[in-house]
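*Asks:* I am attaching a structure below and will ask some questions about it afterwards.
The values are calculated or read from the model by the stated rules, or taken from the named source; none is laboratory data. Keep in mind that what you see is a predicted model, and the values were worked out from it rather than measured. Note that each Cβ is placed from the backbone with ideal geometry, even for glycine, and that neighbours are counted across all protein chains shown.
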Amino acid sequence: MRDILNLSYPELIKILTEKGEESYRASQIFSWIYKKGTFEFNDMTDLSKKLREELKTQFKLQPLRVIERRVSKDGTIKYLLGLQDSLCIESVIIPHPNRTTYCISTQVGCPVGCLFCATGMAGFKRNLSCGEIVNQVLTLRMDSGKSPNRIVYMGMGEPFLNYEETIRSLQILTHPAGMSTSTRNITVSTVGIVPKIRAFAHIHGAYRLALSLHSARQRKREKLIPIAKKYRLSDIKRALIAFQKEKKKRITIEYVMLKGFNISREDALSLRNFAKGLKVFVNLIPFNPIPGSPFRKPSPGEISRFHQMLLELGINAEVRREKGSDIEAACGQLRRYLLENLTQKA
Ligand code: SAH
Ligand code: SF4
């Protein structure tokens with residue numbers, strides 16, 4: 001059966017009008033699913049009984065299975081969600097004093113294989129469908145009762161290696177008939193897939209872009225991110241300049257701080273060179289240690305020293321507070337932790 005969450009608004013209109021229904025039915029259905037959050041066609045009481053029955057026989061509409069839900073001391077909620085084919089993904093709710101952020105996945109695993117990332121180290125299974133991407137938002141909202149103010153594509157996977165489905169999901173989540181999330185409240189994070197950064201610049205909307213940089217030195221970056229050989233820093237920078245020309249938005253640079261590896265003065269100077277000509281904000285993320293990784297987390301002193309160096313070089317930077325570190329909340333960690341524990345028990 002087709003997943004109704006895979007349908008864009010225009011596709012839903014087309015299906016309905018082919019059945020002889022009025023096109024405004026699409027608006028009612030979008031509102032039930034994305035605004036009101038129902039997972040029952042029966043509840044869509046402003047549709048005719050006949051249409052509801054037809055939808056039921058033609059389409060699937062069900063939340064993802066919550067396999068595990070962990071609540072951190074700081075309120076972060078980490079979910080392990082089961083897909084139809086029994087693979088699983090992670091999604092996270094991050095509470096702030098006056099807003100709620102959802103962090104969602106775009107792939108099962110990740111083909112990029114960054115050496116500091118639990119998702120990357122675990123390998124790649126498959127892309128998520130657009131329906132599976134938006135369903136994370138619906139499932140988290142239903143389970144937690146908290147609607148998102150912001151959505152970040154920073155869970156498992158590389159969104160720009162699943163570009164089509166990522167864009168479709170963005171268009172559904174921001175559709176005015178549905179959840180109508182403001183495009184400016186959605187951030188897509190990429191490791192630097194150059195052609196897709198360029199394509200994304202031409203997608204309608206004020207979406208925010210984050211680049212996972214981790215080192216502004218080509219050789220060093222290649223040691224962390226295998227795909228960095230293919231998408232070189234110089235090409236990424238040109239693509240970011242083009243993006244910024246189009247969108248006029250500040251770009252977030254994510255920088256995982258690794259002890260003794262990427263936090264020297266030279267690294268700070270390279271970062272300044274990379275940022276020249278761009279409007280950026282640097283998010284410094286202390287490495288969240290994962291088993292089997294050769295890297296270590298810097299000490300608090302080292303973290304603040306590197307932060308200070310950037311500030312003195314005139315770079316806007318902030319150290320990201322470590323949310324949910326007591327519940328394996330870094331990318332791909334909960335899945336790995338649970339899989340290991342389950343295998344041990346078995
Ligand atoms: N693939 C995309 C989006 C998902 S990763 C990307 O890489 O941008 C989201 C962020 O989590 C990335 O910036 C990544 O570098 C960071 N991350 C991954 N593993 C981490 C770890 N062990 N400690 C701290 N941050 C990590
Ligand atoms: Fe993939 Fe991002 Fe993890 Fe790298 S950091 S392996 S790109 S999910």
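*Asks:* Can you tell me which residue is nearest to ligand 2 (Cβ to nearest atom) among those in region 94-121 that are small (Gly, Ala, Ser) and over 14 Å from the mean Cα position of the chain (by Cα)?
*Replies:* Step by step, filter region 94-121, then rank; the result is Gly120.
*Asks:* Among what's in region 105-139 and is assigned to a helix (DSSP H, G or I) and of a type in the set (Val, Ile, Thr), pick the residue that is farthest from ligand 1 (Cβ to nearest atom).
*Replies:* Taking the candidates together, the pick is Thr139.
*Asks:* Right, Ser189: of a type in the set (S, T, N, Q), touching a Leu at 6+ places or on another chain (Cβ under 9 Å) and closer than 18 Å to Gln107 by Cα or not?
*Replies:* Against the criterion (of a type in the set (S, T, N, Q), touching a Leu at 6+ places or on another chain (Cβ under 9 Å) and closer than 18 Å to Gln107 by Cα), Ser189 qualifies.
*Asks:* Being touching a helix residue (DSSP H, G or I) at 6+ places or on another chain (Cβ under 6 Å) and in a strand (DSSP E or B) is the filter here, so list the residues in region 177-190 that pass it.
*Replies:* Within region 177-190, Val188, Thr190 qualify.
*Asks:* Continuing with this model, one more query. Could you say which residue among Ile227, Ile172 is of a type in the set (A, V, I, L, M, F, W, C) and either surrounded by fewer than 23 Cβ atoms within 10 Å (Cβ to Cβ) or within 16 Å of ligand 2 (Cβ to nearest atom) (or both)? Walk me through how you get there before you give the answer.
*Replies:* Numbers: Ile172 fails: either surrounded by fewer than 23 Cβ atoms within 10 Å (Cβ to Cβ) or within 16 Å of ligand 2 (Cβ to nearest atom) (or both).
After ruling out the rest, the residue left standing is Ile227.
Residue-by-condition table, conditions (1) within 16 Å of ligand 2 (Cβ to nearest atom); (2) of a type in the set (A, V, I, L, M, F, W, C):
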site	(1), (2)
Leu211	yes, yes
Ser234	no, no
Glu246	no, no
Gly292	yes, no
Gln308	no, no
Gly314	no, no
Val319	no, yes
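*Asks:* Within region 239-250, is there a residue that is surrounded by 15 or more Cβ atoms within 10 Å (Cβ to Cβ), touching a Cys at 6+ places or on another chain (Cβ under 7 Å) and at pLDDT 95 or above?
*Replies:* Looking through region 239-250, none of the residues is surrounded by 15 or more Cβ atoms within 10 Å (Cβ to Cβ), touching a Cys at 6+ places or on another chain (Cβ under 7 Å) and at pLDDT 95 or above.
*Asks:* If you go through region 140-153, how many residues are assigned to a loop (DSSP other than H, G, I, E, B), surrounded by fewer than 23 Cβ atoms within 10 Å (Cβ to Cβ) and in contact (Cβ under 8 Å) with a residue 24 or more places away in the chain?
*Replies:* Here the count works out to 3.
*Asks:* What is the number of the single condition among (1) crowded, with 20+ Cβ neighbours inside 10 Å; (2) within 16 Å of ligand 2 (Cβ to nearest atom) that Ile263 does not meet?
*Replies:* Here Ile263 meets the rest and fails (2).
*Asks:* Identify all residues within region 146-168 that are away from ligand 1 (no atom under 14 Å from the Cβ) and of a type in the set (Gly, Ala, Ser); write none if there are none. Don't jump to the end; show me each part of the working.
*Replies:* Filtering region 146-168 down to residues away from ligand 1 (no atom under 14 Å from the Cβ) leaves 146-150, 164-165, 167-168.
Matches in region 146-168: Ser147 only.
*Asks:* Take Thr187 and tell me if it is more than 16 Å from ligand 2 (Cβ to nearest atom), within 19 Å of the chain's Cα centre (by Cα) and surrounded by fewer than 22 Cβ atoms within 10 Å (Cβ to Cβ).
*Replies:* Judged against the criteria, Thr187 is not a match.
*Asks:* May I ask you to list pairs of residues, at least six apart or on different chains, whose Cβ atoms are under 7 Å apart, with the first in region 105-118 being among the aromatic types (Phe, Trp, Tyr) and the second being part of a loop (DSSP other than H, G, I, E, B) and more than 6 Å from ligand 1 (Cβ to nearest atom)?
*Replies:* Between residues of region 105-118 that are among the aromatic types (Phe, Trp, Tyr) and residues that are part of a loop (DSSP other than H, G, I, E, B) and more than 6 Å from ligand 1 (Cβ to nearest atom), the close pairs are Phe116/Leu258; Phe116/Ser293; Phe116/Phe295.
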